[in-house]
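Have a look at the structure below, then the notes.
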Amino acid sequence: MGEIKSAWELAMEKVDKLGKLSPEELRQQREDRCRSIAQSMAEKYLSGSAVRDLRIELDKQKLEERDLVKAALASRLIEAIELGDAEKLSRVLQALSELKLGSAEDLTGIKAEVEQLFGEYREAERKKRHEVETAARGVLHQLRITGSAVGSLNPEVVPEWKTELDKVARPYRERLDDMKARLRSGFPPPQG
């Protein structure tokens, strides 16, 4: 039968193990911890907390880890930008700007590009939705389902219609991913 160990013995084994980690493993652990902290900070911010809360959390970090957390936070916030979600885009860029995580010119330029992309996407999506709804109403009309029996149609409910909408969104998502990569490239993780 296995030996039952106390919490103290388990903790001491972990401490012994830590002493045997290579510098690379220690660096990796530090980066993982910083990414985890940044992930938590980003989630709180995107759920509605204020930029000052991010600033407070960053100030709590050890000086040698603060840059890692900042880079991971910037990356996580940028990754959260979603096609068509102008409110989230605005919050992300506000945080990046107020925390001085990018130059004002770069952020303004990217914001203008992404907002233009969102506008183009909304227009393309609106046209495709109209096409799908028109086709669906035609099918329903052939089945003699008309009038008040047909309310508004939701193209995302029928898999074939959703596929059509996804096809429209694909090139816009790819362009957004390129813009996010350009924005992220301004936040390389610090070496050390």
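The values are calculated or read from the model by the stated rules, or taken from the named source; none is laboratory data. As the structure is a prediction and not an experimental result, all values here were calculated from the model. A quick note on method: Cβ atoms are made from the backbone with ideal geometry, for glycine too, and the neighbour counts reach across all protein chains shown.
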| task | Under 8 Å between Cβ atoms, at least 6 apart or on separate chains: pull out the pairs that start in segment 74-88 with a residue that is in contact (Cβ under 8 Å) with a residue 12 or more places away in the chain and end on any residue that is in a loop (DSSP other than H, G, I, E, B) and acidic (Asp, Glu). | result | Lys88/Glu82
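Conditions (1) closer than 27 Å to Ala50 by Cα; (2) modelled with pLDDT under 90; (3) among the basic types (Lys, Arg); (4) within 18 Å of the chain's Cα centre (by Cα), marked per residue:
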site: Arg91; (1), (2), (3), (4): yes, no, yes, yes
site: Ala112; (1), (2), (3), (4): yes, yes, no, no
site: Arg129; (1), (2), (3), (4): no, yes, yes, no
site: Glu133; (1), (2), (3), (4): no, yes, no, no
site: Ala136; (1), (2), (3), (4): no, yes, no, no
site: Glu164; (1), (2), (3), (4): no, yes, no, no
site: Tyr172; (1), (2), (3), (4): no, no, no, yes
site: Leu183; (1), (2), (3), (4): yes, yes, no, yes
| note | Gln29 fails exactly one of (1) in contact with a Leu (Cβ under 9 Å, 6 or more places away or on another chain); (2) surrounded by 15 or more Cβ atoms within 10 Å (Cβ to Cβ), namely (2)
| task | Please specify each residue of segment 138-154 satisfying the condition of being among the charged types (D, E, K, R) and either in a helix (DSSP H, G or I) or modelled with pLDDT of 80 or more (or both). | result | none
| task | Look at segment 29-69 and say how many of its residues are free of Cβ contacts under 8 Å to residues at least 40 places away in the same chain and over 28 Å from Lys14 (Cα atoms). | result | 11
